[in-house]
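The values are calculated or read from the model by the stated rules, or taken from the named source; none is laboratory data. Predicted model only: the values in this text are computed from it and were never measured. Here Cβ is always computed from backbone atoms with ideal geometry, including for glycine, and neighbour counts include all displayed protein chains. Just the protein is used for accessible areas: all its heavy atoms, side chains included, with ligands, DNA and RNA removed. Shrake-Rupley method; radii C 1.70, N 1.55, O 1.52, S 1.80 Å.
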Amino acid sequence: MALLPEVPRGDTAEHEAAKISTPTIALAERLRVVLLRTSHPGNIGASARAMRTMGLRRLVLVAPDRFPDPEAEAMASGASELLAEAEVGTELAAALFDVHFAFGTTARRRGVSIPFLAPREAAAEALRRVRAGQRVAVVFGNERTGLENEELALCQAAVMIPANPEYPSLNLAQAVQILCYELRMAALAQEQQASPFPARRDPPATIAEFEGLMAHLARYLERIDFHKGRSPKTVLLRIRRMLQRAELDRREVRILRGILSDSERLLGD
Ligand code: SAH
């Protein structure tokens with residue numbers, strides 16, 4: 001995997017958390033909806049509308065087929081501002097580089113070993129995280145092909161709307177609507193409650209920092225000939241899951257990378 005951009009320093013989750021008081025504002029500020037390789041511009045517009053009706057505003061488009069496009073404008077109706085402000089990129093990893101936790105949505109259970117949540121559970125988890133100052137993404141796949149397994153693997157949890165098993169695939173913008181609705185319900189439910197921010201001393205690692213560690217580990221395992229001719233894929237996936245479960249913070253990632261670097265240095269050139 002290509003190296004990702006450095007994350008700006010001095011941006012601690014706790015500091016961010018302290019600035020924002022209400023759950024709905026935290027959600028609007030820190031949750032982004034990422035649409036991946038969308039084929040129909042109408043779906044982009046309808047997703048923008050779905051977001052705006054639920055108080056969300058950060059839309060990220062990764063490699064859309066056509067954008068901007070009059071069909072997107074038409075379907076966005078009063079939410080065209082969201083389209084004007086949408087960020088457009090070419091890579092999912094780049095769209096997630098400063099995100100702490102990403103949910104990947106999928107119509108079917110996959111052979112990817114991450115937790116599968118229903119939208120309501122996912123929304124509660126997302127709210128807990130944005131209130132603690134984290135940046136969260138919900139990722140949606142292409143209309144026909146959905147998310148690739150490698151794309152889902154960048155996410156820490158999968159969300160499946162428990163639809164009719166014989167026909168589970170919703171229209172993209174309708175899936176966006178359901179997720180955004182649950183997020184708003186979770187935010188409104190918490191609006192009255194006091195905010196118990198989980199006290200973590202160090203800010204959690206971003207996806208870019210985590211992927212930097214994974215890339216470093218992959219190089220290191222090659223270097224020490226750990227695989228001995230076997231495919232590195234399975235073991236790297238296991239390590240990935242193990243480290244994701246640990247929810248590493250930024251300092252922990254630095255420590256692990258420091259250990260790898262020191263031991264590389266001892267191995268010599
Ligand atoms: N065949 C694809 C369906 C693509 S539908 C698949 O197996 O995933 C386009 C997008 O809408 C999906 O990538 C997902 O982001 C969302 N979506 C559709 N139905 C969904 C469901 N039941 N649960 C969660 N997301 C869904």
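Here are the numbers:
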read-out: Strands (runs of 3 or more DSSP E) (entirely within the stretch 23-92) containing at least 3 residues that are open to solvent by less than 10 Å² (accessible area, probe 1.4 Å); value: 31-36, 58-62
read-out: Every residue from the stretch 45-68 that is without any contact (Cβ under 8 Å) to a residue 40 or more places away in the chain and under 20 Å from THR145 (Cβ atoms); value: LEU61, VAL62, ALA63, PRO64, ASP65, ARG66, PHE67
read-out: Counted residues, the stretch 199-245 - those being of a type in the set (Asp, Glu), assigned to a helix (DSSP H, G or I) and over 18 Å from GLN134 (Cα atoms); value: 1
read-out: Candidate set: the stretch 164-176, residues that are of a type outside the set (S, T, N, Q) and either within 11 Å of the ligand (Cβ to nearest atom) or modelled with pLDDT under 95 (or both); chosen: the one surrounded by the most Cβ atoms within 10 Å (Cβ to Cβ); value: VAL176
read-out: Selected residue [surrounded by 12 or more Cβ atoms within 10 Å (Cβ to Cβ), at pLDDT 90 or above, in the same structural domain as ALA48 (by TED's automatic domain parsing) and not small (Gly, Ala, Ser)] from LEU179, LEU221; value: LEU179
read-out: All positions within the stretch 93-113 that are of a type in the set (A, V, I, L, M, F, W, C) and either within 13 Å of the ligand (Cβ to nearest atom) or not assigned by TED's automatic domain parsing to the domain that holds PRO41 (or both); value: ALA102, PHE103, ALA107, VAL112
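For every residue, the table says whether it meets (1) over 15 Å from ALA63 (Cα atoms); (2) within 12 Å of the ligand (Cβ to nearest atom); (3) open to solvent by less than 10 Å² (accessible area, probe 1.4 Å); (4) within 12 Å of the chain's Cα centre (by Cα).
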| residue | (1), (2), (3), (4) |
| --- | --- |
| PRO115 | yes, no, no, no |
| ALA126 | yes, no, yes, yes |
| ARG131 | yes, no, no, no |
| ARG135 | yes, no, no, yes |
| PHE140 | no, yes, yes, yes |
| GLU143 | no, yes, no, no |
| GLY146 | no, yes, no, no |
| GLU151 | no, yes, no, yes |
